[in-house]
Amino acid sequence: MKVLVDTSLLLLCAERGRDYLALIEDKLGEKLIYYVPSTVLRELERLRMEGGKRGRAANVAWEIAGGLQTVEAGDAGADRSLGLLAIRHGMAVATVDRALARRLRGMGVKVIMVDRSGSPRVLG
């Protein structure tokens, strides 16, 4: 399955020092191909510039994202681009953002929701 990764999940990986992407694969029992939209990379770049704890986490998240395939997302915001790309390419979205997950589900997008304990659930 092809999966777009949201900023919130990359930041969680960075903050907790855990590879939630591998954990999702293990728990779902299938090989996933992860993609990071260019809009997510721009959002991480902006967060990196803020400095402090959040900026340091964004630096680590940026490194994690560097190991994923990038997909061009145009000029839409990060959240909007996730929905548009998911629909256009038939991809799922992995996130920890509940509000985003609800919006995506409303658009008919399959969502892999990771709760704060790290347990993934597939919605849709």
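A short reminder: the numbers here are calculations on the coordinates, not readings from a lab. Treat the numbers as computed from the prediction; the structure is a model and nothing was measured. All Cβ positions, even for glycine, are placed from backbone atoms using ideal geometry, and neighbour counts span all protein chains on display.
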Could you list the GluC sites (Glu not before Pro) in segment 38-116 that lie in coil according to DSSP, counting only those with at most 15 other Cβ atoms within 10 Å of their Cβ?
Glu72
Along the Cα-to-Cβ line of Met1, 7 Å from the Cα, sits a label point; which residues in segment 23-40 have backbone N less than 20 Å from it?
23-37
Beta carbons within 10 angstrom, averaged per residue: use that to sort the peptides 22-34, 82-94, 4-16, highest first.
4-16, 82-94, 22-34
Rounding to the nearest 20 debye, state how big the charge dipole of the chain is about its Cα centre with +1 on each Lys and Arg Cβ and -1 on each Asp and Glu Cβ.
360
Where Cα atoms sit under 23 Å apart: lysine pairs in segment 2-123 separated by 8 or more or lying on different chains
5
Alpha-carbon Rg/Rh ratio, for the chain, with Rh computed the Kirkwood way
0.93
